[in-house]
Amino acid sequence: MKSPTKIGIIICDRYQRCAGGKCLRSMRNREGAFSIYTDTEIELVGYTTCDGCPGGNIEYAGEEMVKNGAQVIHLATGLIVGYPPCPYIETFTEFLKKRYQVKVVLGTHPIPQKYLDMHTHLGTWDDPVWKPRIAPTMADAETREDYN
């Protein structure tokens with residue numbers, strides 16, 4: 001039997017009291033950014049916050065997750081859909097890849113419809129740089145509604 005892919009999840013500190021329900025649900029259901037794991041088992045080896053701007057916990061969390069076997073670190077959907085989205089998301093991504101030679105995926109659960117509506121209204125994601133950032137978590141309308 002093939003070994004599971006071990007993952008870590010880093011959430012935005014604004015949501016530090018989040019119990020992880022949407023992330024864990026989407027992981028279990030292989031929805032949102034977890035849809036890339038349809039043919040493999042996954043194991044969560046770490047879940048923590050960035051520790052607030054400018055991400056003081058990224059270095060420690062990445063190291064700890066990799067020590068626990070993480071092959072992939074997901075930067076949670078909250079970093080993308082918060083108001084404003086995380087200004088350090090690209091820095092976190094590049095740091096984790098370079099420092100720990102780990103794959104980094106933007107997002108966890110599908111973007112809830114209410115967030116898509118607001119960011120569309122605000123024009124937050126109009127810049128072309130956002131298209132690939134939101135792509136892993138852009139589900140169909142019914143799924144987005146389910147995550148409201």
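The values are calculated or read from the model by the stated rules, or taken from the named source; none is laboratory data. Given the structure is predicted, the values throughout are model-derived calculations rather than measurements. Every residue, glycine as well, gets a Cβ built from its backbone with ideal geometry; the counts of neighbours run over all protein chains shown. All accessible areas refer to the heavy atoms of the entire protein, side chains included, with ligands and DNA or RNA removed. Shrake-Rupley method; radii C 1.70, N 1.55, O 1.52, S 1.80 Å.
A few remarks follow.
- Solvent-accessible area of the range 14-101 (1.4 angstrom probe, protein heavy atoms only): carbon and sulfur portion equals 50 percent.
- By the rule of a C-alpha distance below 23 Å, with chain neighbours fewer than 8 residues away ignored, the lysines paired with K22 are K6, K103, K114, K131.
- Virtual paramagnetic centre 7 Å along Cα→Cβ of E145, amide N under 18 Å, in the range 2-38: 32
- The range 54-134 - accessible surface per residue (Å², probe 1.4 Å): 50
- Amide H contacts of H74 (H built 1.01 Å from N, under 5 Å, at least 5 apart or other chain): G8, I9, I10, V105
- Taking only the C-alpha atoms of the range 87-148, the Rg (one decimal) and the largest Cα-Cα distance, Dmax (whole number), read 13.3, 38 Å.
- Compactness of the range 1-102 - radius of gyration and Dmax, Cα, Å: 13.1, 43
- Report summary: the helix-based calculation at 222 nm, which adds -39500 (n - 2.57) for every DSSP H run with n ≥ 4 and divides by the residues of the chain, gives -10000 deg cm²/dmol.
- Between the amide H of T49 and those of I11, distances stay under 5 Å, these residues lying 5 or more places away or on another chain, with hydrogens modeled in the peptide plane.
- Fully extending the segment from M118 to R99, taken as 0.36 nm per residue of separation minus the present Cα-Cα distance, adds 3.4 nm.
- Only the Cβ atoms of Lys and Arg (+1) and of Asp and Glu (-1) were treated as charged; on that basis the dipole of the range 69-121 about its Cα centre amounts to roughly 220 debye.
- Point-to-point label distance, D51-L24, nm (Cα→Cβ direction, 7 Å offset): 2.5
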